[in-house]
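The values are calculated or read from the model by the stated rules, or taken from the named source; none is laboratory data. Note that this is a predicted model, so its numbers are computed, not measured. Neighbour counts run over all protein chains shown; Cβ positions are idealised from the backbone, glycine included. Surface areas here come from the heavy atoms of the whole protein model, side chains and all, with no ligands, DNA or RNA. Shrake-Rupley method; radii C 1.70, N 1.55, O 1.52, S 1.80 Å.
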Amino acid sequence: MTDVIRVSPDSPEPAGIAKAAECLRRGGLVAFPTETVYGLGVNALDREAVRRLFAAKQRPTNDPLIVHVTSVDSIAMLALRVPKDVEILARHFWPGPLTLVVPRSPQVPDEVTAGLPTVAVRVPVHPVARAIIDAAALPVAAPSANLFSRPSPTQASHVVDDLGGRIDLIIDGGSTMIGVESTVLDLTSDPPTILRPGAITADMLREVLGRVEIFRAATIEPRPDAALPSPGMLEKHYSPRAELTLFEGPTGTAVPALVNVAREHLSRGRIVGIIAAEEDRDELASLTSDRNALLCIIGSHDAPTDVATRLYATLRDLDSARAHVILVHGFRDDGLGAAVQDRLRRAAAGRVVKA
Ligand code: TXA
Ligand code: MG
């Protein structure tokens with residue numbers, strides 16, 4: 001049985017927070033909202049509990065977890081040494097959607113870091129996440145609260161769909177604000193390297209740090225024997241059940257290419273989910289008369305924040321509507337748009353049409 005407790009996102013009721021904290025202290029699995037996506041929390045120092053978390057998510061154990069704390073001072077307990085950039089990054093971006101990879105203290109169990117010599121840490125800003133971590137008085141390891149390879153949850157109902165019956169408690173604090181996972185920045189490389197793009201963009205980090213590299217997962221061949229800088233990055237991630245194809249290019253060429261492929265599927269009786277921007281509406285008009293074409297306009301090419309907040313819920317909705325295929329017109333690849341494009345490319349798992 002999985003209990004669900006609703007709390008106010010801005011000032012969560014202490015009774016619900018106390019239940020969550022107590023459950024974490026007993027080694028339980030508790031899902032809660034952060035500003036990015038819902039996390040599935042566990043006491044980061046309890047090996048057994050961490051193992052149960054991997055089992056509940058069906059997550060491969062070589063994919064390390066992010067440890068959540070509420071103050072930069074708590075990092076001293078998790079890190080072997082605190083890299084010099086932590087202080088200035090914390091001043092600019094914490095609490096918030098930035099995860100830092102630092103050398104790991106022996107206190108942190110192997111189960112959390114997948115045996116890596118580093119640990120990922122983050123100080124979330126969401127009042128519910130902060131209240132739970134503070135009340136538990138523990139470092140809380142929390143991956144996104146989805147089954148492995150499903151899109152991350154941005155609402156409590158998504159967590160219920162994936163993990164209902166498999167975890168102890170869900171704290172429902174409404175929809176998350178950002179909608180895509182935190183930026184992961186590796187501070188053990190020189191210069192620091194973005195392992196996963198997110199709301200804290202490369203430009204924002206460069207303004208504070210100077211040089212920052214961006215790790216391109218696509219340039220690395222997965223090799224089972226090789227130690228990877230960020231193991232989770234090579235998994236086929238964020239995937240809806242329907243096969244997703246990403247069309248990259250301007251509206252004038254990419255959308256007609258998408259429409260052609262959509263027509264082909266529709267003529268064979270398939271249900272086709274289409275994700276695009278407001279600016280693409282006219283080019284898509286010819287499809288709207290077909291009831292098997294499920295058109296989802298999730299924002300504008302100029303407003304990646306709207307697109308980010310709606311993306312994962314839209315993928316889940318299209319799965320629920322039993323779409324056989326999902327065709328997406330890509331969004332602008334800068335700022336938060338870079339995070340959206342990164343997730344779409346992974347969901348497409350190589351099915352990218354450049355038009
Ligand atoms: O926004 C977020 O980061 C959310 C919320 C819940 O905080 N969490 C999240 O966790 O997205 P998860 O487990 O779904 O993704 C964490 C990713 C891993 O897949 C891995 O790529 C990277 O962070 N990571 C964790 N520890 C690492 C380490 N020691 N070195 C390199 N990458 C690491
Ligand atoms: Mg995840």
(message) Could you sort the peptides 1-14, 63-76 by per-residue average Cβ neighbour count (10 Å cutoff), highest mean leading?
(response) 63-76, 1-14
(request) With a Förster radius of 56 Å, plug the Cβ-Cβ distance of Ala76 and Arg270 into 1/(1 + (r/R0)^6) and report the FRET value to the nearest 0.05. (result) 0.55
(message) Sort Phe32, Phe215, Phe331 by heavy-atom solvent-accessible area, probe 1.4 angstrom, most to least.
(response) Phe215, Phe331, Phe32
(message) Which order do the peptides 112-120, 37-45, 126-134, 85-93 come out in when sorted by mean C-beta neighbours inside 10 angstrom, highest first?
(response) 37-45, 126-134, 112-120, 85-93
(message) Relative contact order of the stretch 1-129, please, whole-number percent, based on alpha carbon pairs below 8 angstrom and at least 6 residues apart.
(response) 29 percent
(request) Consider all pairwise Cα distances in the chain and report the whole-number % of them above 26 Å. (result) 49 percent
(message) Ignoring ligands, DNA and RNA, please state the percent of accessible area on the stretch 3-214 from carbon and sulfur, probe 1.4 Å.
(response) 50 percent
(request) Of all alpha-carbon pairs in the stretch 237-291, indicate the percentage at a distance above 18 angstrom. (result) 33 percent
(request) Run the 1.4 Å probe and let me know the accessible area of Ile200, rounded to the nearest 10 Å². (result) 10 Å²
(request) Place a +1 charge on the Cβ of each Lys and Arg in the chain and a -1 charge on the Cβ of each Asp and Glu, then give the dipole magnitude about the Cα centre in debye, rounded to the nearest 20. (result) 800 debye
(message) Using helices alone, I'd like the mean residue ellipticity at 222 nm for the chain: each DSSP H run of four-plus residues gives -39500 (n - 2.57), total over residue count, nearest 500.
(response) -9500 deg cm²/dmol
(request) Beta carbons within 10 angstrom, averaged per residue: use that to sort the peptides 259-265, 157-163, highest first. (result) 157-163, 259-265
(request) Convert each backbone phi in the stretch 317-333 into a coupling constant with the Karplus relation 6.51 cos²θ - 1.76 cosθ + 1.60 (shift: θ = phi - 60°), then list the ³J(HN,Hα) values in order as whole Hz, x for Gly and Pro. (result) 4, 5, 5, 5, 7, 6, 4, 7, 9, 10, 10, 10, 8, x, 10, 5, 8
(request) Hey, can you grab everything whose amide H is under 5 Å from the amide H of Ser105? Only 5+ residues off in sequence or another chain; H modelled, so Pro and N-termini drop out. (result) Ala79, Leu80
